[in-house]
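Participant: Before I ask anything, let me first share the structure, which is written out below as structure tokens.
The values are calculated or read from the model by the stated rules, or taken from the named source; none is laboratory data. Since the model is a prediction, treat every value here as computed from it, not as a measurement. All Cβ positions, even for glycine, are placed from backbone atoms using ideal geometry, and neighbour counts span all protein chains on display. Keep in mind that these areas ignore ligands, DNA and RNA; they rest on the heavy atoms of the full protein, side chains included. Shrake-Rupley method; radii C 1.70, N 1.55, O 1.52, S 1.80 Å.
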Amino acid sequence: MAFFSVVYCLCYWRFVPNLSWLNTAPSIMIEEALRLQVEEECLKIGCCVRCARRFTGDRVLDNYVKHTVESDATQADDEPPAKKAKGELCIFCFGVLAPGDIEDIAMKAVASLTEADYDDPVFTTTLSMPVCNLVRDKSIYVHLGRTVAGYTDQVKFLHLLPLKDIWKHLINGSIAKGSGKSADNGYNAELMVNVEMAYRGDRREMEVISKLRPELRGPVTRTTADSTLESSTEAALVRCLRLPPGPPVAPPTYQLSCLRNAIFVAGRYNKYSRTMSQTPWTVDGARRTESSLQERITDRLVQLTRSAGVRFSASGREDVDVRTLGRGRPFVAELTDPHVTLLTPKDLLELQREINAAHPEVRVRDLQLVTREQTAHLKSGEEDKTKSYTALVQSLSGPVSADKLYSLADHKELVISQQTPVRVLHRRPMATREKTIHWMKAEPISDTLFKLHLQTQAGTYIKEFVHGDLGRTEPNVGTLLGGTFDILALDVESIELDWPPAMPENDGDT
Ligand SMILES: [Zn+2]
């Protein structure tokens, strides 16, 4: 007995992930005689052998792999769960820990992974149980406390293992073997096999929560069920719970799905077209433009990574008729549920060349994989960024002398006041904003036409600065030069955002 306790204790300490609670309860070990008693009682009330072990407080996951009790082996290993009489289903896990169910679900998971053909070599599993499992957990615990002397005192600090941890440990090996991937028993893998258990009696069994907390309104969630059960007195639990819980009213059903966390591809783009929108442009469900810049970049990415979808974001946006030149505008494509994730810089460079060859009006550079955290750079300091533009401006009020045009360069750090432009009023709230024109310089083309080069604070409406927007932008080119002006074309020359970093492979390709 003493030897056992020492061994048990050593194993126990090795496998406890969080020891902080031990500070308050330094020497709790369930005694062997009590352990046997607990197991016997659990089996009697209808727990499977693994759940019986769990209620003894055993936290050594490997102990759950062994089958030591005869009854477990006879529990219809090869029979599908639906065919089992309901009396045979474990009253706690509903059979999800039974070898038959474990193998059955593992086989389905392997088939699913094989069919989906994810290239991620590591997976993890998640199990979602019906909420009434919490009620049953509490009910068995209270029952054991009332029937096995000393149980509550010895087990209350042991933190019974979560059912899903035991399940994960049992099933991961089989899935790993069948799929050729390695299993992550923690929570760090990006590829997940999610198993959701549904149980017909769940709602009915949850009614007890409303009995325990009559003031509760709205649907009972896992969190409210948990807090209600934890905060109820033993007397209330004894009064309201069925002790021990009865057999499940029906076998559970399982839904299995695989999901790979998103990957993020960042880069910069140039747009050389004055008829292409950045994102698909639809009005009342009808497309206004044939294709968008976003689709030209992401269609191939989605195809290459075999993703379920894509979310495209860029550092600002240009109008349909505005080109983006220079080193381009930074963007990020978030690819959801990608099946191909092991992309090398060479793969991305090849993809970049493909996109650039297919669409002469779009050019991408610096394509690279980034983390979710790094994508925050795209939006950071959005207001402080500066952008450079070239506008083609026409005088509508007669010739303007070159000297007058050159005088525009005298205005440095010019603060202008802009009301929300008429053309975007339908989607932006009415507001007046101050923006800074850092510098500007005119380049005459004819006596009524000139190029205006300017650098401004991000968010400045350039078109309105040129034509004045019926006096809603002040001062504007018209008030500065005296006359009426219109903008014929606009190019974004550069966006001062030093992210994503330039890729060295691109040097000879720009
Ligand atoms: Zn069980």
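So that you can scan it fast, the table gives a plain yes or no per residue for (1) under 24 Å from residue 163 (Cβ atoms); (2) modelled with pLDDT of 95 or more:
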{"site": "219", "(1), (2)": "yes, no"}
{"site": "224", "(1), (2)": "yes, no"}
{"site": "256", "(1), (2)": "yes, yes"}
{"site": "266", "(1), (2)": "no, yes"}
{"site": "270", "(1), (2)": "no, yes"}
{"site": "277", "(1), (2)": "no, no"}
{"site": "288", "(1), (2)": "no, no"}
{"site": "302", "(1), (2)": "no, yes"}
{"site": "307", "(1), (2)": "no, yes"}
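Participant: Report yes if residue 251 is surrounded by fewer than 19 Cβ atoms within 10 Å (Cβ to Cβ), touching a Leu at 6+ places or on another chain (Cβ under 7 Å) and touching a residue at least 24 places away in the same chain (Cβ under 8 Å), otherwise no. Walk me through how you get there before you give the answer.
Facilitator: Numbers: surrounded by fewer than 19 Cβ atoms within 10 Å (Cβ to Cβ): no; touching a Leu at 6+ places or on another chain (Cβ under 7 Å): yes; touching a residue at least 24 places away in the same chain (Cβ under 8 Å): yes.
When the stated conditions are applied, residue 251 does not pass them.
Participant: Test residue 228 against the stated conditions and say whether it is more than 18 Å from residue 91 (Cβ to Cβ), open to solvent by 40 Å² or more (accessible area, probe 1.4 Å) and not basic (Lys, Arg).
Facilitator: In short, no.
Participant: Could you check region 172-189 and list, in sequence order, the residues that are touching a strand residue (DSSP E or B) at 6+ places or on another chain (Cβ under 6 Å) and touching a residue at least 60 places away in the same chain (Cβ under 8 Å)?
Facilitator: Of everything in region 172-189, those that are touching a strand residue (DSSP E or B) at 6+ places or on another chain (Cβ under 6 Å) and touching a residue at least 60 places away in the same chain (Cβ under 8 Å) turn out to be 181, 182, 184, 189.
Participant: For region 183-206, indicate whether the set of residues that are open to solvent by less than 60 Å² (accessible area, probe 1.4 Å) and either more than 33 Å from the chain's Cα centre (by Cα) or among the aromatic types (Phe, Trp, Tyr) (or both) is non-empty.
Facilitator: There is at least one residue in region 183-206 that is open to solvent by less than 60 Å² (accessible area, probe 1.4 Å) and either more than 33 Å from the chain's Cα centre (by Cα) or among the aromatic types (Phe, Trp, Tyr) (or both).
Participant: Something else about it: Could you list, in sequence order, the residues of region 85-133 that are open to solvent by less than 30 Å² (accessible area, probe 1.4 Å), part of a helix (DSSP H, G or I), within 16 Å of the ligand (Cβ to nearest atom) and within 20 Å of residue 165 (Cβ to Cβ)?
Facilitator: Correct list: 99, 101, 102, 105, 132, 133.
Participant: Please work out which residue is farthest from the ligand (Cβ to nearest atom), limiting yourself to region 155-186 and to residues that are in a helix (DSSP H, G or I) and basic (Lys, Arg).
Facilitator: Per the stated criteria, the residue is 177.
Participant: Among the residues of region 144-167, count how many are touching a strand residue (DSSP E or B) at 6+ places or on another chain (Cβ under 8 Å) and of a type in the set (Lys, Arg).
Facilitator: 1
Participant: Looking at this structure, is residue 326 in contact with a helix residue (DSSP H, G or I) (Cβ under 9 Å, 6 or more places away or on another chain) and surrounded by fewer than 18 Cβ atoms within 10 Å (Cβ to Cβ)?
Facilitator: Considered against the rule, which asks whether it is in contact with a helix residue (DSSP H, G or I) (Cβ under 9 Å, 6 or more places away or on another chain) and surrounded by fewer than 18 Cβ atoms within 10 Å (Cβ to Cβ), residue 326 comes out as no.
Participant: Right, something else. Looking only at residues in region 50-67 that are away from the ligand (no atom under 13 Å from the Cβ) and of a type in the set (A, V, I, L, M), which one is surrounded by the fewest Cβ atoms within 10 Å (Cβ to Cβ)?
Facilitator: Taking the candidates together, the pick is 65.
Participant: Sticking with this one: Run residue 57 past the list (1) under 26 Å from residue 155 (Cβ atoms); (2) at pLDDT below 90; (3) not aliphatic (A, V, I, L, M); (4) not in a helix (DSSP H, G or I) and report the number of the one that doesn't hold.
Facilitator: The number of the failed condition is (2).
Participant: In the list 137, 120, 101, which residue meets the criterion of being in contact with a Gly (Cβ under 9 Å, 6 or more places away or on another chain) and among the charged types (D, E, K, R)?
Facilitator: Unique residue meeting the criteria: 101.
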